[in-house]
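Quick notes on the structure that follows.
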Amino acid sequence: MDTLSQFLNSDVSLWGLFLSSLLSATLLPGGSELVLAGVIGLHPELFWPALLLGTLGNTLGGMISFFMGWMLPQTQQLKHVEKVRRFGTPALVFAWTPIIGDALCLAAGWLRLNPFYAALFMFAGKFARYAAIAFALNV
């Protein structure tokens, strides 16, 4: 029974991290970094799954914002559009940053940038941020 309890607790922790990461990458406020820290603190054996699921959830949340921008009519000018237009999808490496990250994702979608490359650069930036947090906690 103890093994089953541990499995269920770790499974719930990973799903909670994924959901927290996804929601905090949309226009909703959230603190997925604290959830990541909690999961790794309680379940150090889940270091890599937590890092990857947190990154995946956060990237999917960023892509939700990206596709929300895609659906906006191009009659309005959005914030940060010129920065994203100038740098293209590599600008989305900074999609993890507070406040401007959501605007970057929306602007990239509004500009109809390549969704595959957008997701790739978002994933890279978000992974680097979560990895820095996870490795700092694991030291």
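The values are calculated or read from the model by the stated rules, or taken from the named source; none is laboratory data. Please read these numbers as outputs of a predicted model, since none were measured by experiment. For neighbour counting, all protein chains shown are included, and Cβ atoms are generated from backbone atoms with ideal geometry for every residue, glycine included.
The table below gives the values:
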| quantity | calculated |
| --- | --- |
| Residue under evaluation W96, criteria (1) closer than 25 Å to I40 by Cα; (2) surrounded by fewer than 18 Cβ atoms within 10 Å (Cβ to Cβ); (3) of a type in the set (A, V, I, L, M, F, W, C), criterion not met | (2) |
| Flag for L51 being in contact with a helix residue (DSSP H, G or I) (Cβ under 7 Å, 6 or more places away or on another chain) and modelled with pLDDT of 90 or more | yes |
| Residue among L8, L34 that is over 12 Å from the mean Cα position of the chain (by Cα) and either surrounded by 12 or more Cβ atoms within 10 Å (Cβ to Cβ) or at pLDDT 85 or above (or both) | L34 |
| Among (1) out of contact with any Phe, Trp or Tyr (no Cβ under 6 Å at 6 or more places or on another chain); (2) touching a residue at least 24 places away in the same chain (Cβ under 8 Å) - the single one F87 does not satisfy | (2) |
| Search result, residues across the stretch 37-73 that are under 20 Å from A108 (Cβ atoms) and surrounded by 21 or more Cβ atoms within 10 Å (Cβ to Cβ) | T55, G57, N58, T59, G61, G62, M63, S65, F66, G69 |
| Selected residue (criterion: surrounded by the fewest Cβ atoms within 10 Å (Cβ to Cβ)) from residues of the stretch 99-139 that are among the hydrophobic types (A, V, I, L, M, F, W, C) and part of a loop (DSSP other than H, G, I, E, B) | V139 |
